[in-house]
1. Which whole-Hz ³J(HN,Hα) couplings does segment 507-512 yield from phi under the Karplus relation 6.51 cos²θ - 1.76 cosθ + 1.60, θ = phi - 60°, glycine and proline marked x?
2. Taking Rh as the Kirkwood radius, which is the inverse of the mean 1/r over Cα pairs, what is the Rg/Rh value for the chain?
3. State to the nearest 20 debye the size of the charge dipole of segment 216-456 about its Cα centre, where the only charges are +1 on K and R beta carbons and -1 on D and E beta carbons.
4. Nearest 0.05, what FRET efficiency do T609 and R523 give at R0 = 30 Å with Cβ-Cβ as r?
5. Send over the Kirkwood Rh of segment 216-456, from the inverse of the averaged 1/r over different Cα pairs, rounded to one decimal Å.
6. Step through the residues of segment 48-57 one at a time and calculate ³J(HN,Hα) from phi using the Karplus curve (6.51 cos²θ - 1.76 cosθ + 1.60, θ = phi - 60°), rounding each to whole Hz and writing x for Gly and Pro.
7. At S285 and I355, where each label point lies 7 Å from the Cα along Cα→Cβ, what is the point-to-point distance in nanometres?
8. Going down the table (K117/K459; K117/K367; K303/K367), which pairs top 23 Å between alpha carbons?
Amino acid sequence: LSTLQIIRVQSPEGVKRITATKRETVATFLKKVAKEFGFRNNGFSVYTNRNRTGEITASQNKSLNLLKIKHGDMLFLYPSSPAGSSSETMDTSVSQGLRPVGAPQVVEDEIDQYLIKQDGKIYRNRDQQLCRHGPLGKCVHCVPLEPFDEDYLNHLEPPVKHMSFHAYIRKLTGGADKGKFVALENISCKIKSGCEGHPPWPEGICTKCQPSAITLNRQKYRHVDNIMFENHTIADRFLDFWRKTGNQHLGYLYGRYTEHKDIPLGIRAEVAAIYEPPQIGTQNSLEILEDPKAEVVDEIAAKLGLRKVGWIFTDLVSEDTRKGTVRYSRNKDTYYLSAEECITAGNFQNQQPNICRLSPDGHFGSKFVTVVATGGPDNQVHFEGYQVSNQCMALVRDECLLPCRDAPELGYAKESSSEQYVPDVFYKDIDKFGNEITQLARPLPVEYLIIDITTTFPKDPVYTFSISQNPFPIENRDVLGETQDFHSLATYLSQNTSSVFLDIISDFHLLLFLVTNEVMPLRDSISLLLEAVRTKNEELAQTWKKSEQWATIEQLCSTVGVQISGLQEYGAIGGSTHAASAAMWACQHCTFMNQPGTDHCEMCSLPRT
């Protein structure tokens, strides 16, 4: 035992202790180091000094005692790099945030990759009154601030309550250790599996497998700092459903994530289109139905450079139809989001996780946002943006949170049963004497779960898709008599006589109809057109316009009795004459496409009109 000694080895990932003997060869010792740090080959170097002098090379002839390495000594390990020196490699890894040991290799979103490389510091000019140094000097009054500086955020106009997620990461990875031990752990409310020391729940549980109690706190950061609709038309067309029916409505927001420059290292969700899934809406309720086209919509949006960034729903009650005012119902005296809406938002956020390199699970939180169209203090329609906290996401994911039937502003943490163990959930409150007390979350005020996000419209509107005086109908609005069929497509084409084909075809709802219609779906042949719309390339659009698919689409439109102006201009060149002479016809009653030469509809048996 007297020959055993412990050698400390420091690396960028931390310090580990290696047990060795005095007579052990250097080669054997280095193999232990490689095994302990997870190196498969000689991709590292070990030095006796921190400044990388006194390198220890593998040797079968030399022992540790010969190199004067004794018990308690500290050695320094640096990974090797084929490109550049080890110091350059280490500095880069520190600046981009070290990945926790065992974390999976993940590819983060483009906006995250961009913000990782940014400086993020808040630069200040020299204060003429307080700074006593020259123009090249710096002092506490003008030195750059960190992006997570709370005093700076609180003095912005308006004040910012939540720092950005990347500023939060900078705060964790700052300091002397550069965040080498940082790991963003996802909360789990479930019993850990694999505990063999006792029978499974409800017969037994122990401290090893029992999930920890949760104390709800206000989340200090948010994954998205701003929501911006590209133009007013997107929101107005969505609100038209409520204006015409009085029923509430829901839609999914499709757009992209960009940098929000008003907040250090901030992220903005830009909304380019709203897709309205199948649903049943009344004046005070919404039911989302199963959508068979959901996968196709996401696929088409991805080819257009878009993704699902959030969801939007209305909560509007008309107050004075003559003035066009709506009731101001969501405020500090009632609620901003109900418990049921928080649970729905948490479910959506769990479906759209945020890819994160610092999490052992490869994901942490979500960038999925919630927008409510409701009445504001001025009794006009306002758009309010929210997210729910990561704690709420965990409670929803593990089915621990329930809404209260008679109090929409309150949630309820489930109690443990024989089927499910639920950890205790607490929140902190102030009693009537001004003391801070801890309360059991039965019931639970949902404001502990909500993060508000500013929702804006730009001064200079942006148009990913073209705007028409007579737009193509929106999907799933049959209750309004607005249907997507070839008759509506023919009407749309006849009313839009622009000479630029790209302007006519650049409509999100029109493109979805071309892909998802049952008569002639173009899912496999529309990629070129989607690329033309994404890049705003008229030449690519003209190339696709000359395809047989577009010629067939126009021929189907011509069978519904609507004269399309410029049919020859937009028709295919060559090869479509035979198709035009033997065209199918659409039934005016059920819109079924019948074979040419028939006088009665094959579906409803009614005569051709």
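The values are calculated or read from the model by the stated rules, or taken from the named source; none is laboratory data. Predicted model, so just to flag it, every value in this text is computed and none were measured. Note that each Cβ is placed from the backbone with ideal geometry, even for glycine, and that neighbours are counted across all protein chains shown. Ligands, DNA and RNA are stripped out before the accessible areas are found, and what is left, the full protein with its side chains, is counted by its heavy atoms. Shrake-Rupley method; radii C 1.70, N 1.55, O 1.52, S 1.80 Å.
1. Ordered by residue, 3J(HN,Hα) equals 9, 4, 6, 5, 5, 5 Hz.
2. Over the Cα atoms of the chain, Rg/Rh equals 1.07.
3. My answer is approximately 540 debye.
4. 0.40
5. Result for segment 216-456 stands at 19.2 Å.
6. Values per residue, Gly and Pro as x: 7, 10, 5, 7, 6, 10, x, 5, 9, 9 Hz.
7. 4.0
8. K117/K459
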